[in-house]
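Written below as structure tokens is the structure these notes are about.
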Amino acid sequence: MKAYIKTFGCQMNENDSERIMYLLENEGYERTYDIAASDLIVINTCTVREKAKNKLYGHIGNLKILKSKNRDILICIGGCTAQDLKEKLIEDFPFVDIVFGTHNIAELPELINRRVSTGKSICSIENNGFDPDLFKVKREYDFKAFVPITIGCDNYCSYCIVPFVRGNEKSVEVKKIIRNIEGLVSKGVIEVTLIGQNVNSYGKDLNEACTFSGLLEKVSDIKGLKRIRFMTSHPKDFSRSVIDIIKNRDNLVGHIHLPLQAGSNKILKEMNRNYTREDYLNIIENIREEIPDCSITTDIIVGFPGEERDDFLETLDMVRKVRFNRAFTFIYSPREGTRASKIKDYILSEEKKKWFKELLENQNRISYEENKKFAGKKFEVLVEGRSKKGANLLEGRMENNTIVNFKGEEKLIGSFARVKINRVKSFYLMGKIYI
Ligand code: 5AD
Ligand code: SF4
């Protein structure tokens, strides 16, 4: 029996897909990358923006065709769109066999059995408070791994649907995290990425108090772990102690993903972000002072309801002041049920697109200029796989998260290589291995 899985969205979804694959393998399924050859299909959906949600609909026609050719194929829809739309997915698309929510991954084997024995489509969405074993996963890579440290989110940024589909924030106990990472390292993992919607608020809900920097210190002490990444940081909870520990520990990478979202205090307030542009700049100044090589990346939303040209110009001003290595930019997408979706929006979509383009042009130029600083220099990269940029090219990642493409043998994948940068683009570098 073969299972095909398609993942949309964030690292949390990628980790969930690794959990799903682990469960399916235990049930005797083998992974296939050929959807037409599969007996079971899982689409792990995202709903953070309308465009992300629409990716499911881009696939649904094909799923219908596959099902009409072979009635025994099981079609399962999981993730955040499943959590959001619930039974409606089965009502609209009766060929869907199983809809399962973000809290119901562990039930999947049972849902499959129930679907097969009853012949009826099933929707399982309730949060039963069941403690999911987050760490039982079939990993995509042998040498690097995601490690969830919190699940859910309590921040209720006014535009965001995540707290509604992922539930309240829960921290994973320190000892579980440490035990899991030690196990990973003993199996050859050299890089971990600690993931959570707001890693900086880690530990607030635990009986045994531990801050995020306390956790970082414990993870950093694990012998054999070469690189520790984490995301996402929230400026409102970002503490000085995180900067200190990155500065003092070699295995904590010099990269911080710190979503700005908007540059105008009026919009930040409307977004319920709980910091001002001045607070944000202050954090950046502290990072730059203590860790001059640290790369800083961000997320920015353009066209939040009520945002006017002057507000947008403040975002642009922040982009020019901070000089992010990279920014992930989005046009605001109203999500039903969120506070922002009820705010009247006067600005035309055409106008928002123009601002978006202006932001992109500025940021791409800055990314390019920042990358140019790496030209001619030598870096150690973790070789992650084959590059999509050309035959015989490998793709590696610098400590600061920048991607480098270079010629090399496949046996290097999973190890460190030294490369000299000889060409730069806005989003990646080209290099040459040196011994
Ligand atoms: N519209 C546009 N962008 C959004 N994001 C989250 N919700 C929305 C929305 N409704 C962006 C934020 C977040 C990133 C993961 O997605 O910038 O940091
Ligand atoms: Fe959404 Fe804000 Fe939570 Fe991030 S911190 S997941 S943007 S509510």
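Here the relative contact order of the chain, from alpha carbon pairs under 8 Å that lie six or more residues apart, stands at 10 percent.
Share of carbon and sulfur in the accessible area of the chain stands at 48%, probe radius 1.4 Å.
Ignoring aspartates and glutamates fewer than eight residues from residue 411 along the same chain, the ones with Cα atoms less than 15 angstrom from its Cα are 142, 384, 395.
Using 0.36 nm per residue and subtracting the Cα-Cα separation, the extra length available between residue 281 and residue 248 on full extension is 9.6 nm.
Of 236/354; 2/388; 223/247; 170/218; 226/389, which sit over 23 Å apart, Cα to Cα? Numbers along the way, then the final one.
Values: 236/354 30 Å; 2/388 26 Å; 223/247 18 Å; 170/218 19 Å; 226/389 27 Å.
Flagged as over cut-off: 236/354; 2/388; 226/389.
Averaging the Cα positions of each part gives two centres, and for region 2-78 and region 251-327 these lie 35 Å apart. Segment residue 365..residue 236, full-extension length gain: 43.6 nm, with 0.36 nm per residue of separation and the alpha-carbon distance subtracted. Taking 0.36 nm per residue of separation and subtracting the Cα-Cα distance, full extension of the segment from residue 92 to residue 372 would add 95.7 nm. Residue 420 contributes an accessible area of around 90 Å² to the protein surface, as traced by a 1.4 Å probe with all chains present.
Each residue, residue 118 and residue 11, gets one label point 7 Å from its Cα in the Cβ direction; the gap between the two is 3.8 nm.
Note on surface exposure: 202, 346 rank 346, 202 by accessible area, highest first, 1.4 Å probe. Cross-link pairs exceeding 19 Å in C-alpha to C-alpha distance, out of 55/88; 6/357; 269/353; 53/138; 144/420; 53/120, comprise 6/357; 269/353; 53/138; 144/420; 53/120.
Measuring only protein heavy atoms, the 1.4 Å probe finds residue 430 accessible over about 30 Å². Taking packing as the residue-averaged number of other Cβ atoms within 10 angstrom, the listed peptides 307-317, 108-118 run from highest to lowest as 307-317, 108-118. Structure remark: mean-square fluctuation, Gaussian network model of the chain, C-alpha springs under 10 Å; the largest value among 100, 230, 379 belongs to 379. Residue 387 exposes around 20 Å² of accessible area when a 1.4 Å probe is run over every protein chain in place. By the Cβ-Cβ criterion of under 4.7 Å, the unpaired cysteines of the chain are 10, 46, 76, 80, 123, 153, 210, 294.
The simple Förster model, with R0 at 45 Å and r as the Cβ-Cβ distance, assigns residue 71 and residue 391 a FRET efficiency of 0.65. Please report how far the C-alpha centroid of region 106-154 lies from that of region 335-384, rounded to the nearest whole angstrom. Using only Cα atoms to place each centre, the spacing works out to 33 Å. Charge tally around residue 367: other residues with Cβ under 14 Å, Lys/Arg +1 each, Asp/Glu -1 each, net +4. Projecting the Cα positions of 189, 155, 243 onto the charge dipole of region 141-253 (unit charges on Cβ atoms of Lys, Arg, Asp and Glu, taken about the Cα centre) puts 189 furthest along the positive direction.
Between residue 293 and residue 170, what's the calculated FRET efficiency when r is the beta-carbon distance and R0 is 41 Å? Round to 0.05. Spell out each step's value before the answer.
Details: r = 34 Å, r/R0 = 0.83.
Efficiency, rounded to the nearest 0.05: 0.75.
Sort region 2-124 into rounded, prolate or oblate with this rule: let a ≥ b ≥ c be the square roots of the eigenvalues of the Cα gyration tensor; rounded if a/c is under 1.5, and if a/c is not under 1.5, prolate when a/b is larger than b/c, oblate otherwise.
Judged from the Cα gyration tensor, region 2-124 comes out rounded (a/c under 1.5).
Residues in region 2-124 average 44 Å² of solvent-accessible surface per residue, probe 1.4 Å, ligands and nucleic acids excluded.
The residue 341 and residue 133 beta-carbon pair, evaluated with R₀ = 41 Å, returns a calculated FRET efficiency of approximately 0.75.
The values are calculated or read from the model by the stated rules, or taken from the named source; none is laboratory data. Note that the structure is a prediction, hence the values are computed from the model and not measured. Glycine gets a Cβ as well: all are built from the backbone with ideal geometry, and neighbour counts include every protein chain shown. The protein model used for the area step is the full one, side chains on, heavy atoms only, and it has no ligands, DNA or RNA in it. Shrake-Rupley method; radii C 1.70, N 1.55, O 1.52, S 1.80 Å.
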